[in-house]
Amino acid sequence: MSTTQSDSTDGLEEPDDDKLFRDRVRENPRPAMAWLAGLAFLLLLEIGRVFAGVGQAFGIVGFTVELLASVPTSVGDNVAGTLGSAAGFVATAVTAVLMAFAVTVPVAGSVPDGAVDVLGLDLSRRGRRWAKRAELTFVLVAAAGLVAYTPVGGAFSALIGAITGGVDALAASLPSITSRDLIPNTGHRLPEGGWEGTFLGLSPATAWAIRTGLVFAYATTALVWLWRGFDVYRTHYRLADWTPRDDTVRRFRNNYWGLFGFAIVFLFVVMALWAPAVSPVEAQHNIYEPNSHEFQYLSEDGEVTSTTHVFANLQSRSDGQNTIGPMSYDDYDRWAPLGTTNRGQDMMTHLSYGARTSLVIGLTAIGLGALIAVVLSLLSSYYKGVTDIVTVMASDTIQAVPALLLIMLVSVVFQEANHPIAQPLDGGLLLALIFAFAYWPGMWRSIRGPSLQVSEQEWVDAAKSYGQTPLQTMRKHMAPYIAGYILIYGSLLIGAVIISTAALTFLGLGINPPTPEWGRLIDGGQSYVATDSWHVATIPGIAIVLVVIAFNALGDAIRDAIDPEADVDESEAAATGGGA
Amino acid sequence: MSRHTAPTTPGDEGRPAPDTMVKVRDLKTYYEGGGLLDDRPVKAVDGVSFDIRRGETLGLVGESGCGKTTLGRTLIRLEEATDGEVLFDGTDITSLRGDQLYEWRRNAQMVFQDPDSSLNDRMTIGEIVREPLDVHDWKTPADRRERVKSLLDEVGLSPEHYYRYPHQFSGGQRQRIGIARTLALNPEFIVLDEPVSALDVSVQAEIINLLEDLQEEFDLTYLFIAHDLSVVRHICDRVAVMYLGNIMEIGPTEELFTDPANPYTHALLSAIPKPDPTASRDRITLHGTPPNPRYPPTGCPFSTRCPVRIRPDEHENLDDEVWEGINGLREIIRERMRADRSIRERVRERFGLETRFATIDETYDELFGDLAVPDEVDRVLSEITDAAGDHEEREALDRLNAEFGSVCDGVDPDGGDEPVEPEYYEVSDSGRLSYCHRHDERYRETATVIDDRS
């Protein structure tokens, strides 16, 4: 986590030193080349999964774009319903233009001046800025109009379809070392002993252990390689011999509680990312569509027979009377490393896909909430006055409603209305959005103090005195100071989001089946805790506790690492600076 | 402030016109209360006029809170002026907007007081010094890098420091970095806001010398804000003395230091410790604290603490301590007038319970208890305290002013109703101006009164 953070701040601070960096690499290409080769090799090993990831990213982007694209028309339809179709059309157009404009504001700065000079107008600096935004807006709206109202749209979606189809096909056909095809672990016993269909004829348990071990080995290697990349950059290409980040990294490395948190979070993330590889059976077969997938097993009368997962699941439930415990096979030759759930599904599969659900919800909610919080805190501390008061009122209004009640109310309303955003993850996305809405005031409150403090620093005045634009001042001179705080609060709150999601699902309100979710596992297993099937609720319960503790530990460690005053031993930094 | 008997530009008659760069006329900077309701503003700068000549160093001294930093910040448009104008080579910069302001900002820069707070710790030295150039799109990025390196050299750092972070530097070096950033855009006018007051004494001299060298090399014009008078005496060509948002005296440094005209300047200079233990001149101790700039006194801003306040003739011989008491009483009544009494307090008072306002009688005892107050004065004072005790503060104040007030409190000696303010009097051939009634022929000069009263 620490490496990604420093990478992102790097990007923030040195936007126009790129050329220099490139020059430096050109002068001394060996270390960079070696590192890049290693990275390429690592990617190549998992190329199939990389493409699958790209395909999924396409899907997410596509969904978001579609959702946003539907906003102008839905606004227009609502207006048309009351004021007539002409007004509806105007409303659609206005909404579209406004949305396009909002998109251009942060991007317009990077458009070269030449784009405006084409217009041949004699513009002032401010005029030029607005002209750029207007130009971009025009381009965006024109493109959107073309796609929406002309045959170009059809061609466009065909193109998109072809690209996504291509990516999906690549994902399916390219190999990866952790794939199920390479190391299969589903098979059946043979009447004469031994296994059919598994990796090298090993038992499914061994095959699964090999694959899972490979996943974690791969992920650890990748992490180490990224760290090495930072090291290579630091020793060969960075011009500064010391930066404050070095101290941050050093402090983090010496914080064992934080490292423990990091390790658990790493396990959790790896489990979520490689869910298809670490689950002993395919989720599609075992959880989503158990009806339509058959598999073979060796029946009691010594014959290899075929059955569907739905039937096998029914016979493999862990519900007190019947228990498939951890580290055992069920009667259908299916390996269940963590036992089965109360509905007979595989626990490990459920847990890893549940991790995916939790991670997606947590990251979406915290990412979105933190974004809102940071933007508002920057605006309100830079402009103060009315902006500040309006933000205070908005956040107080949201905070005045009990969070859990608000979340329940909104989620029920959307789910009953069958709104499109309630579809993905069976309500997971909806939940994430609601969490973002309910949690940004808290995050905003906690970074309000620091951002007011940094806005009073003289370097902000100095920036104003030589004419720096407000947006740049906020980005360069204020945001980096808030980033640390938001990182801490974000990582602490992610635990809260995960636990709230589980709690809501436990109550039957959050995420609907079949999407796997840890809270539902606990709900299903709670009545069997005292029986042989104790594992159904206990394992996901322990997992939640661990993950939440780990995120808290990580957040604490980040705070300690970022804060220079947490450092008892300052002599090192002082010695480095002494020569200056 | 409305009348100027002496011309504010000391070159208007006869003398060869000095090359004026900045002309400040009746500048006011008020801070609004921040509340939603109509509050009284804080009058940080309350109508000042002066000129800054090209190439000179004008010192601006005064106690903390007197508005000198606000004045400096207003001159480079970090604060919005409430009223008045700042003419920079003939352009009124208080009304500049958008691109004109952006272009003008090249010309006027500021060196900040606290080197710890003026440099962004997350950026390298190079990025910090280069930012003004980036903002103004100065030449090419490679040229900018070169310029930054030469600037670093200029201020006594080495070009290798480009990729270091501010953490790694000492206070003096950080201030040098701040100066390099200030110079980046080649400004003509620089506001130095207490540039050395946060530094070690050993480093102060280096920075002062650097500033002097740079001024010579780049033909800079400085406004040097400071409260350290010896530094000001060393570096400044002219000095303006500020008190409560007003300029009390402005003139050539040496003259002002050796022969101060304004009572406030007298008091300020007497606070400089003298190495000579047998020095004859007594220290003038100023009583109390400067008034709240939200409620400045009527008349002369310094009237509440002035050691040579003009007294009405009939009470001229009253004991100094009694006068102190009277001034104290005036302040307390003014204070009571401002304080809003809550309903709870009104009720408590009605039932004779204690309120957070001490009764005026206690105050009276405290001020005059062990003094020998002449009978007729005592009688007037009792009337005043009685009125104040009944919460008729306005009446009490009127009575007080009628009896003990003078032109310093804004009482018009010619019997007019409008409060009068002092005027700027030209007190020497060099065009030194002082803001005090004592320079009027009707009253005795400051120095003699100080000797009399001490």
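The numbers here are math on the coordinates, done by the rules we state, and not lab data. Bear in mind that the values here come from a model prediction, so they are computed numbers and not experimental data. Here the Cβ positions follow ideal geometry from the backbone for every residue, glycine too, while neighbour counts run over all protein chains shown.
Please report the antiparallel percentage of the DSSP beta bridges confined to region B:20-270, to the nearest 5.
55 percent
How much length is gained on full extension from A:ARG125 to A:TYR149, taking 0.36 nm per residue of separation minus their Cα-Cα distance?
5.1 nm
Order of B:VAL373, A:VAL278 from fewest to most other C-beta atoms within 10 Å?
On the way: B:VAL373 20, A:VAL278 25.
In increasing order of surrounding Cβ atoms, one gets B:VAL373, A:VAL278.
Within a 10 angstrom radius of each residue's Cβ in A:471-482, how many Cβ atoms of other chains show up on average? Whole number is fine.
Mean number of neighbouring Cβ atoms from other chains: 2.
Rounded to the nearest 5, what % of DSSP beta bridges with both residues in the protein assembly as shown are antiparallel?
Here the antiparallel bridges make up roughly 65 percent for the protein assembly as shown.
If I model a spin label as a point 7 Å beyond the Cα along the Cα-Cβ vector, how far apart are those points for A:LEU190 and B:ASP414 in nm?
Using points 7 Å along Cα→Cβ, the separation is 12.5 nm.
Quote the convex hull volume per residue of region A:300-403, based on C-alpha atoms, as a whole number of Å³.
Per residue, the Cα convex hull of region A:300-403 comes to 143 Å³.
Just order A:545-552, B:128-135 by mean Cβ neighbour count inside 10 Å, highest at the front, would you?
Highest-to-lowest ranking by the protection proxy: B:128-135, A:545-552.
Only bridges with both residues in chain B count here: give the DSSP antiparallel percent, nearest 5.
60 percent
Taking N as the number of residues in region A:286-345, what value does Rg over Cα atoms divided by 2.2 N^0.38 Å take?
It is 1.06.
Evaluated at 4 °C with a viscosity of 1.567 mPa s, what Stokes-Einstein diffusion coefficient in µm²/s does region B:20-270 have when Rh comes from the Kirkwood expression over alpha-carbon pairs?
In µm²/s, the coefficient is 69.
Over 28 Å apart: what share of the alpha carbon pairs of chain B falls there, rounded to a whole percent?
Tail fraction, whole percent: 58.
Work out the mean other chain Cβ neighbour count within 10 Å for the residues of B:159-169 and drop it here as an integer. Intermediate values should be presented prior to the final figure.
Numbers: counts 0, 3, 1, 2, 7, 9, 9, 4, 10, 12, 2.
Counting other chains' Cβ atoms within 10 Å and averaging over B:159-169 gives 5.
From the residues A:ASN313, A:PHE101, A:ALA219, which one has its Cα farthest along the dipole of chain A in the positive direction, the dipole being from +1 and -1 charges on Cβ of Lys/Arg and Asp/Glu about the Cα centre?
Farthest towards the positive end: A:PHE101.
Give the order of B:ARG379, A:ARG475 when sorted by the count of other beta carbons within 10 angstrom, beginning with the fewest.
Values: B:ARG379 11, A:ARG475 17.
Fewest-to-most ranking of B:ARG379, A:ARG475: B:ARG379, A:ARG475.
Can you work out ³J(HN,Hα) from phi for every residue in region A:404-418, in order, using Karplus 6.51 cos²θ - 1.76 cosθ + 1.60 and θ = phi - 60°, giving whole Hz and x for Gly and Pro?
Residue by residue, region A:404-418 yields 5, 5, 4, 4, 4, 4, 5, 5, 5, 4, 5, 5, 5, 6, 6 Hz.
Volume per residue, Å³, of the convex hull around the alpha-carbon atoms of the protein assembly as shown?
Roughly 258 Å³ of hull volume per residue.
In a solvent-free Debye calculation with one equal scatterer on each Cα, what is log10 I(q)/I(0) for region A:48-173 at q = 0.11 Å⁻¹, listed in the order of the q values?
-0.56
Given the convex hull of the Cα atoms of chain A, what is a quarter of its surface area in nm²? Please list the in-between numbers first.
Details: hull surface 134.2 nm².
So the mean shadow area of the Cα hull is 33.6 nm².
Within a 10 angstrom radius of each residue's Cβ in B:115-127, how many Cβ atoms of other chains show up on average? Whole number is fine.
Numbers: counts 1, 2, 7, 6, 4, 13, 6, 13, 6, 6, 2, 3, 5.
Average per residue, whole number: 6.
So how do B:VAL191, B:VAL232 line up by other beta-carbon neighbours within 10 Å, fewest first?
B:VAL232, B:VAL191
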